Structures are given as C-alpha cells and as structure tokens.
1. Return yes or no: is PRO220 loosely packed, with under 15 Cβ neighbours inside 10 Å and touching a residue at least 60 places away in the same chain (Cβ under 8 Å)?
2. What about LEU205, is it more than 12 Å from GLY258 (Cβ to Cβ) and not basic (Lys, Arg)?
3. Taking region 55-84 as the region of interest, how many residues are of a type in the set (Gly, Ala, Ser), free of Cβ contacts under 8 Å to residues at least 60 places away in the same chain and buried (at least 24 other Cβ atoms within 10 Å of the Cβ)?
4. List the residue pairs whose Cβ atoms are under 8 Å apart, where the first residue sits in region 188-202 and is over 16 Å from ALA255 (Cβ atoms), the second is surrounded by fewer than 13 Cβ atoms within 10 Å (Cβ to Cβ), and the two are 6 or more positions apart or on different chains.
5. Could you pull out the residue among LEU235, LEU229, LEU245, LEU239 that is in contact with a strand residue (DSSP E or B) (Cβ under 7 Å, 6 or more places away or on another chain), at pLDDT 95 or above and within 30 Å of VAL136 (Cβ to Cβ)?
6. Quick check on my filter: what residues within region 22-54 are touching a Lys or Arg at 6+ places or on another chain (Cβ under 6 Å) and open to solvent by less than 20 Å² (accessible area, probe 1.4 Å)?
7. All but one of (1) assigned to a loop (DSSP other than H, G, I, E, B); (2) of a type in the set (S, T, N, Q); (3) without any contact (Cβ under 8 Å) to a residue 12 or more places away in the chain hold for THR30, so report the exception by its number.
Amino acid sequence: MTASEQTSTGRALVEAGSAVAGSMCRAAATVLFEPTAAMVAVDDRFAACLRAVADEEAGVTVLRERVRAGAVLAFAVEYAATLHRNGRSARTDGWFDPRSGDRPSADELAEAVVAAARRSTEERRVRHLGYLLAEVAVSPDVDLALAGRALRLAGSLTWRQLALMAGVGRRDRVPLPMTPLEDEPRAWSAWGAREDVADLQRSGLLDPPPVPVRPVATLPRLRPADLRLTRLGVLVHRLLVLDLLHEDAVTVALADLGLPRT
C-alpha cells in the first residue's frame, strides 16, 4: 500500500480524528476495521454502517473537516460500545436494512451526521453528534425523519445553548439558580447569553415561552430554576445525550449569564 493509499482509507480517516477525539480514535478504528483485536464490541450492523461512511469520506482533504469526520465516527463507536456493554441492543426494526428503492436509514443518517460534523467549527459539539448516531441506532421509537429533525436543530444551536439545555435537563439533580435573569443586561457578553436563552424559548425547546413585554404590566423576571425542557427539547436532549455534556460547560454558560452555579 502506498503512502497516499494509507492516508485515504476509512481507517485512516477515523484515526485522523485524534485532534478532536484524542487517543481513543485508534481504538475506535480497531473496533471498526479489526474487531477481533478490539477490547470492546459494537453491533456488527452498526459497525458495518460506520465502516461504509468512513470509506466514503476517506478522500476528504480539508484538514479540519477530515479531523471532525473521523472524530464524529470515533465518538459514535465510543458511545455505542458503552450502550452495548450496558445491554442496550441495536434496533431490529429494519433500521439497518435496505429500503425499497433506497438505502438503509442507518446509512442515510450516518452520512448526514458526518456532513454536520464536517461543517461544525464549534468542535466540542462533534462528540454529541457522534452520540446521536449511536443513540438512534438503539432507539426504535425514533424514525429517520425525527432523527433528521433533531440533527438539524442541533446544527442551529450554539455550544452555549447546548450547555444551557444540559443544565435544564439535569436541574432536578443539580438545581439551577433562583436569581432572576436580566431582560437587557448591560454587558454585551451577558446580553448575548440572555439572547441564547430567549432563542431556545422562541424555538420551542424551553418552557416557559417568552412573554411579550407590555409597557404597563410589571412581569416577574424569568429565573433559570423555572426553565423546563419542552417535548421537542427532551428529544434533542435525549438524542444528543446531553446528560453526558461536561458539567464545566454548564457552569461557564451560567457564568456568561452573570449567575453562579448553586
């Protein structure tokens, strides 16, 4: 195999993700391309799906896009191995089977996830895009259209918005501050963070919805502790596995709002 061929294989693509996903990329590549030598296992059909998309994307030459493509597949392997170890089996409802006149849903979603990762300059989100791919593979209640909706929404959210959603999702375990949010903070950074919350409300991901300001009425200001995930918010939170989003990111997001973590 020539040097050029060694860097244009699916295995090389997964290993190239180390700049984002770290040293586990090599282990993930082993799971996919040399499973008998791997220390962990994933479902054979899921592995075949990831191998196929890795081979298809192997020719990506833009460096950071290549890194993100490899990393998202490595993260998908990492989370799929955890699910497999915890007894969550891959779905058996035809997700991995060719459809009439079309390819399997699993292959279509895998391509969409890799494309989303390649576009994602906020590289911290790549981990959770990979988790989405693995989570949907064990979730027979989620069809391709629904997974696509969650993926598109994820692409429209900033990292800080994902961190805020993670904080709201775990608020019963780690309470959110009771301090009211300012509607128009003076500092630009706090104003931007407050707009992130408002956008999540306007997008139907967080309740309560934003209340129109009335010149005469005096309304109580929104408190982070009052925020709840809507059904759409629960879907995005679940499929991106935001329960595993690092706690430090939630702390930083609250600090951006000018609030301490309680």
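The values are calculated or read from the model by the stated rules, or taken from the named source; none is laboratory data. Just so we're clear, the structure is a prediction, and the values are computed from it rather than from any experiment. Because the Cβ atoms are built from the backbone with ideal geometry, glycine has one as well, and the counts that use them run over all protein chains shown. Side chains are part of the model used for accessible areas, which takes the heavy atoms of the whole protein and leaves out ligands, DNA and RNA. Shrake-Rupley method; radii C 1.70, N 1.55, O 1.52, S 1.80 Å.
1. Judged against the criteria, PRO220 is not a match.
2. Answer is yes for this residue.
3. 5
4. GLN201/PRO208; GLN201/PRO209; ARG202/PRO209
5. After ruling out the rest, the residue left standing is LEU229.
6. Once the filter is applied, which keeps residues that are touching a Lys or Arg at 6+ places or on another chain (Cβ under 6 Å) and open to solvent by less than 20 Å² (accessible area, probe 1.4 Å), region 22-54 yields ALA29, LEU32.
7. (1)
Let's see how each residue does on (1) within 25 Å of LEU244 (Cα to Cα); (2) not hydrophobic (A, V, I, L, M, F, W, C):
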site	(1), (2)
ASP55	no, yes
ARG68	yes, yes
VAL77	yes, no
THR82	yes, yes
ASP93	no, yes
